[in-house]
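Notes follow the structure.
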Amino acid sequence: MSGRATPGPKPLPRPPALLPRITPLQWQGSLWRIANEQVLTYATYPAPRYRFDAPGEQYPALYMCALDIGTFAETYVERGRRLGTAEGQRHLLEAHPKAPLPIVDLHDDQVLVALNLDERISVGDDYSTCQEWALAFHAQYPDICGIRYRARKAGALVANIFLYADRCASVLEVVAAPRLEEIPDVVLRAADRYRLTVYFPFKQPPP
């Protein structure tokens with residue numbers, strides 16, 4: 001044996017000074033998010049926390065899921081897969097764009113190849129480099145409203161949508177916001193698919 005260390009995978013590349021031209025996906029479908037309120041809220045963090053947050057408060061962030069039950073996995077898998085007694089009071093927000101949203105489609109293999117990226121941009125742990133890419137998209141693609149990427153917790157076939165809220169907040173409309181306790185069919189489908197445990201009682205519909 002030579003004793004040489006086996007080389008590991010190359011790190012996720014950082015964005016180049018000039019990004020290539022890409023064809024954005026025009027998103028027109030519904031998007032879902034679990035929230036404490038019946039309205040969409042946006043966050044700009046002094047220090048980035050999540051995958052595509054602005055490195056230095058350059059834009060407010062909004063994370064949503066393209067599947068109604070997928071947002072349960074994205075919210076609760078890292079919370080022990082438990083929906084406690086208070087979770088029934090939270091809302092499942094469904095938002096719909098009033099006009100198509102142009103987004104960078106990291107679900108598209110051709111886009112990944114053009115950008116010299118791979119699946120780690122969606123599911124890897126190098127958040128700082130992912131944030132650099134999000135900032136580069138925001139700076140160099142002025143018409144882009146967000147990023148479509150593979151869900152990490154809800155499964156590779158499920159898409160999450162990150163949105164630059166400064167560019168799309170005015171065209172996103174909340175079309176439904178039921179409490180979780182009011183939608184047992186959706187909650188139980190999510191629980192069955194993602195092995196979630198639900199501790200709150202469902203509200204019985206009026207007779």
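Quick note: the coordinates plus some simple rules give every number you see, no bench work behind them. Because the structure is predicted, anything quoted here is derived from the model rather than measured. Quick reminder, even Gly has a Cβ in these numbers, built from the backbone with ideal geometry, and neighbours come from all protein chains shown.
Model label sites at Q28 and D109, defined 7 Å from Cα along the beta-carbon direction, differ in position by 2.7 nm. Helix 127-140 and the longest principal axis of the C-alpha atoms of the chain enclose an angle of approximately 80°. What the Cβ-Cβ distance of V175 and L18 gives, at R0 = 45 Å and to the nearest 0.05, is a FRET efficiency of 0.70. Comparing Cα centroids, the stretch 57-123 and the stretch 138-207 end up 7 angstrom apart. How far is helix 184-194 tilted, in degrees, relative to the longest principal axis of the Cα atoms in the chain, given as a value from 0 to 90 rounded to the nearest 10? For helix 184-194, the angle is close to 40 degrees. A simple rule links phi to the HN-Hα coupling: the Karplus curve 6.51 cos²θ - 1.76 cosθ + 1.60 with θ = phi - 60°, which for the stretch 41-51 gives 10, 10, 10, 10, 9, x, 10, x, 10, 10, 3 Hz, with x for Gly and Pro. Restricting the stretch 62-109 to trypsin sites (Lys or Arg not before Pro) that sit in a DSSP loop and have at most 11 other Cβ atoms within 10 Å of their own Cβ leaves K98. Starting from the Cα gyration tensor of the stretch 59-161, take the square roots of the eigenvalues, sort them a ≥ b ≥ c, and report rounded, prolate or oblate (rounded when a/c is under 1.5, otherwise prolate if a/b is larger than b/c, else oblate). The shape class here is prolate.
Shown for the chain: cysteine residues without a partner Cβ closer than 4.7 Å, namely C65, C130. From the list (i) 0.96; (ii) 1.02; (iii) 1.00, can you say which value of Rg/Rh (Cα atoms, Kirkwood Rh) was derived from the structure given? Of the listed options (i) 0.96; (ii) 1.02; (iii) 1.00, (ii) comes from this structure. In a fully extended conformation the segment linking Q204 and L188 would gain 4.3 nm over its present Cα-Cα distance, using 0.36 nm per residue. Measuring gaps between exposed loop sites in the chain (chymotrypsin sites (Phe, Trp or Tyr not before Pro); DSSP loop; at most 16 other Cβ atoms within 10 Å), the longest gap, sites not included, is 51-198. Neighbours of R81, meaning other residues whose beta-carbon lies under 15 angstrom from its beta-carbon, give a summed charge of +3 when Lys and Arg score +1 and Asp and Glu score -1.
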